[in-house]
1. Which of the lysines could a cross-linker bridge to LYS200, judged by Cα under 29 Å and excluding same-chain residues fewer than eight apart?
2. Taking the Cβ of ARG97 as the centre, find all other residues whose Cβ is under 14 Å away and add up their charges (Lys, Arg: +1; Asp, Glu: -1).
3. Return the inverse of the average 1/r over all pairs of distinct C-alpha atoms in the stretch 102-232, which is the Kirkwood hydrodynamic radius, in Å to one decimal.
4. For the stretch 203-217, what does the Karplus curve 6.51 cos²θ - 1.76 cosθ + 1.60, with θ = phi - 60°, yield as ³J(HN,Hα) per residue in whole Hz, taken in order and with x for Gly and Pro?
5. Hey, any idea what the orientation-averaged projected area of the convex hull of the stretch 6-60's Cα atoms comes to, in nm²?
6. Tell me which residues come under 5 Å, amide H to amide H, from SER127 once H is placed; ignore anything under 5 positions away on its chain.
7. So in the chain, what percent of DSSP beta bridges are antiparallel if you round to the nearest 5?
8. When Lys and Arg each count +1 and Asp and Glu each count -1, what net charge do the other residues less than 15 Å away from LYS209, Cβ to Cβ, add up to?
Amino acid sequence: MQGVTIPKHIAIIMDGNGRWAKKRMLPRSVGHKFGMERMVSLMEHAFDLGVEHITVYALSTENLQRPKDELEALFDLIRKNYREYLMPICQRGVRVRSVGNIALLPEDVQKILRDTEAETSQYEKKSINIAVCYGARDEIIRAVNSAVERGEKVTEKSFSSLLYTKDVPDPDLIIRTGKEVRLSNFLLYQAAYAELYFSKKMFPAFSDKDLDKAIVDFSLRTRRFGKTDEQL
Ligand code: FPP
């Protein structure tokens, strides 16, 4: 994509797997499976374009209240496909991190997430951040409490270092699929200057071309970070 400014960090709220499946009379779990495959292809495409960091919202703390069979289906996807799908991307020099309170997950699932992190920890420049058991309010409150426990006054920089995303720059572009126009407790602190893009497409139908469209839209925006046009 010549002449297009590629965001360094893209975050995606992968919404609409359930509705995509329902429309096709398929179980929600099938929607999640297609969603996971789409997620991996989008990641490959984004890294090809020059994106350096990708954060995806795979499971919120609130999602943990979903029916047990749906949660089990999501955990099974991690058990069966997580390493197999992500490792080929990581071999291009991409580190995988879990972002969230993974202690809430079954032990074996936690282990897969931890092992994948450990196996890719030598890669520093690019990253995939999988938000699981993630909630932005929970993240912020934990950060505040850990500063209080240390008896420290925080600065913007030190506060960022207390967040789950401490090693990743703030997202430049946040994409939400699935028609809804809200952030749903995702990266609320980090999103301060992110450009937001909403797509009506359900996540399993959000194609590489749709990602290109979102990036072109991003590239046409003027990011002033509070300054005037003349100061830029
Ligand atoms: C929201 O859509 C999506 C989720 C809660 C799960 C997202 C998970 C994936 C895309 C794949 C799995 C990835 C990993 C790493 C486990 P929804 O189901 O709420 O859709 P709906 O709003 O149409 O019901």
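1. The reachable lysines, counting only those whose Cα sits under 29 Å from LYS200, are LYS8, LYS22, LYS23, LYS33, LYS68, LYS126, LYS179, LYS209, LYS213.
2. Neighbourhood net charge equals -2.
3. It is 17.5 Å.
4. 4, x, 9, 7, 8, 4, 5, 5, 5, 4, 4, 5, 6, 4, 4
5. The Cα convex hull of the stretch 6-60, projected and averaged over all directions, gives 3.9 nm².
6. Here the answer is HIS53, ILE54, ARG95, since their amide H atoms fall under 5 Å of that of SER127.
7. In the chain, DSSP labels about 0 percent of beta bridges as antiparallel.
8. -2
Each value in this text was obtained by applying a stated rule to the coordinates, not by laboratory testing. Everything numeric here is computed off the predicted structure, so don't read it as measured data. Ideal geometry is used to build each Cβ from the backbone, glycine not excepted, and the neighbour counts take in all protein chains shown.
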